[in-house]
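Reviewing the structure listed below.
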Amino acid sequence: MSLFTFFTRHAGEIWQAVGEHAWLVGAAVIIAVALGVPLGVVVARKGWLAKPVLGAANIAETIPSLALFGFLLPVPWLGARADRLAITALALYALLPIVRNTAAGIAGVDPAVRESARAMGMTPRQLLFQVELPLALPTVVAGVRVATVLAIGIATIAAAIGAGGLGEFIFRGLAMVSNPLILAGAIPAAVLAIAADALLGFIERRLRPAR
Amino acid sequence: MPPSGNAAPSDTPVIEFRQAGYALPSGPTLLRDLSLTVRRGETLVLLGRSGAGKTTALKLINRLLDATAGEVRVEGRPVAEWDAIALRRRIGYVVQEVGLFPHFTIERNIALVPRLEGWPEQRIRARVVELFDLVGLDAHGFSPRYPHELSGGQRQRVGVARALAADPPILLMDEPFGALDPLTRGEIQEEFRALQQRLGKTIVLVTHDVGEALLLGARIALLEAGKLTGVYSPKEFLRSAEPVASAYAAHRRALEREQESP
């Protein structure tokens with residue numbers, strides 16, 4: 001059976017898996033942004049926090065994904081639902097690039113700009129929301145882009161704990177030694193990653209000021 | 001342009017340094033025992049070489065730095081007792097790097113302080129047009145543009161307009177014209193001198209350029225290695241026997257001689 005006929009015959013299932021995959025990644029990235037951007041701001045403000053926070057996020061990054069899914073399985077509320085667990089684990093992976101880029105983006109604001117903002121009598125809040133965050137935004141989006149692509153790849157492993165997504169095809173294909181089945185998971189996952197990368201890259205370029 | 005204070009310098013002290021000093025948390029003292037008074041409506045120049053403590057002294061006024069010894073008073077009140085935000089909104093600030101917000105249009109940059117102060121939009125718009133006129137830029141052409149689209153001289157004019165926006169009685173300037181090419185610098189200095197006389201602001205200007213100090217300063221405070229060595233009128237400065245001042249004056253004369261003999 002050719003790859004093409006396999007894809008057309010199973011189009012419904014593949015689309016469903018793409019949907020599940022996008023849901024896992026989307027929810028994880030949103031959570032990671034909600035946590036990572038404030039954390040990045042705190043890290044940029046308090047220099048001494050940079051090492052412990054980035055260190056912890058770095059460690060989370062080095063845990064093999066299959067092991068992390070396994071570790072989280074016995075955790076009471078998390079382990080109850082596979083997608084909940086997968087989203088948590090993916091959010092942990094997505095956190096580092098977002099925290100790091102937010103902190104770097106804020107640290108990269110021209111000191112003369114920051115100083116004149118203070119000298120004009122901006123409150124720390126106004127400085128953050130009107131100056132620092134808008135200027136850091138392209139760098140933050142670059143972090144979200146890296147995090148998203150990373151999460152799309154790792155989310156294929158989530159099928160191992162029954163969270164669904166494109167990994168289902170890959171694991172089934174490996175078990176059945178069926179290349180079309182593996183590719184039915186791998187190709188859409190790759191396309192998804194490339195599409196997310198291109199879209200977020202486009203947004204990032206649009207935000208970057210011509211300077 | 002509503003007048004803010006009388007145009008003629010008076011004896012009322014607006015800014016007072018009382019044995020003010022500043023030391024870095026790590027130890028080194030950048031400024032020691034500075035006692036100096038700036039009168040209403042005058043332009044006082046802080047002159048000295050790099051590292052003399054000029055910028056440090058300037059930043060003690062608007063609390064970008066807090067004095068670690070002595071005190072600084074603005075309008076009779078110690079700055080430590082002022083709310084830092086309220087204090088800074090009364091003090092315009094212009095620096096060499098200008099520090100315009102790259103993501104704001106020129107209009108938004110200039111209107112920054114009035115917007116923070118919550119002026120009605122109508123008044124802000126009128127004020128911005130007035131300011132463009134004041135610093136010699138075309139309001140219509142420049143409003144929607146971004147700082148990176150402007151030349152250095154134009155950016156510096158915008159920086160001055162932004163500092164004057166809410167009509168603060170005090171203006172602090174740190175090497176404001178230092179990054180400009182000599183021709184543009186000369187032009188803007190002359191224009192600024194005219195502006196100075198019209199507005200009657202109390203100005204503290206930091207520079208290492210004797211020519212600028214003599215052109216713009218009513219009095220020149222000479223700083224050397226974190227200490228005040230003297231305060232002079234431009235005439236006194238050129239005749240002073242104090243070693244640093246006379247070195248500056250000699251340098252100035254040498255430059256003039258060079259310009260005269262081709």
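Rule-based calculations on the coordinates, nothing more; no lab input. The structure presented is a predicted model; accordingly, all values stated were derived computationally and were not measured. Positions of Cβ are generated from backbone atoms using ideal geometry, with glycine treated the same way; all protein chains shown enter the neighbour counts.
For segment B:154-161, indicate whether the set of residues that are more than 13 Å from chain A (Cβ to nearest Cβ), more than 28 Å from B:ARG63 (Cβ to Cβ) and either aliphatic (A, V, I, L, M) or touching an Asp or Glu at 6+ places or on another chain (Cβ under 9 Å) (or both) is non-empty. No, there is no match, as no residue in segment B:154-161 is more than 13 Å from chain A (Cβ to nearest Cβ), more than 28 Å from B:ARG63 (Cβ to Cβ) and either aliphatic (A, V, I, L, M) or touching an Asp or Glu at 6+ places or on another chain (Cβ under 9 Å) (or both). Of all residues in segment A:43-81, those satisfying the criterion of being of a type in the set (A, V, I, L, M, F, W, C) and farther than 28 Å from A:ALA159 by Cα are A:VAL43, A:ALA44, A:TRP48, A:LEU49, A:ALA50, A:VAL53, A:LEU54. Annotation: of all residues in segment B:67-86 being within 14 Å of chain A (Cβ to nearest Cβ) and surrounded by 13 or more Cβ atoms within 10 Å (Cβ to Cβ), the one that is nearest to B:GLY27 (Cα to Cα) is B:VAL79. Screening segment A:1-111 for helices (runs of 4 or more DSSP H) wholly inside it with 1 or more residues that are surrounded by 14 or more Cβ atoms within 10 Å (Cβ to Cβ) and free of Cβ contacts under 8 Å to residues at least 60 places away in the same chain returns the ranges A:11-45, A:47-62, A:65-72, A:76-79, A:82-107. When residues in segment B:158-186 are screened for being touching a Gly at 6+ places or on another chain (Cβ under 7 Å), surrounded by fewer than 23 Cβ atoms within 10 Å (Cβ to Cβ) and not in a strand (DSSP E or B), 5 of them pass. In this structure, is B:ILE110 away from chain A (no Cβ under 12 Å), in contact with a Lys or Arg (Cβ under 8 Å, 6 or more places away or on another chain), within 16 Å of B:VAL160 (Cβ to Cβ) and not aromatic (Phe, Trp, Tyr)? It is false that B:ILE110 is away from chain A (no Cβ under 12 Å), in contact with a Lys or Arg (Cβ under 8 Å, 6 or more places away or on another chain), within 16 Å of B:VAL160 (Cβ to Cβ) and not aromatic (Phe, Trp, Tyr). Strands (runs of 3 or more DSSP E) fully within segment B:187-262 that include at least 3 residues being hydrophobic (A, V, I, L, M, F, W, C), under 15 Å from the mean Cα position of the chain (by Cα) and farther than 13 Å from B:THR43 by Cα: none found.
Checking A:ALA119, A:ALA196, A:ALA136 one by one, the residue that is buried (at least 18 other Cβ atoms within 10 Å of the Cβ), at negative phi and more than 14 Å from chain B (Cβ to nearest Cβ) is A:ALA196 and no other. The condition of being touching a helix residue (DSSP H, G or I) at 6+ places or on another chain (Cβ under 8 Å), closer than 30 Å to B:ALA165 by Cα and of a type in the set (D, E, K, R) does not hold for A:GLU204. Does at least one position in segment B:94-104 carry a residue that is within 14 Å of chain A (Cβ to nearest Cβ) and of a type in the set (S, T, N, Q)? Yes, the conditions are met somewhere in segment B:94-104.
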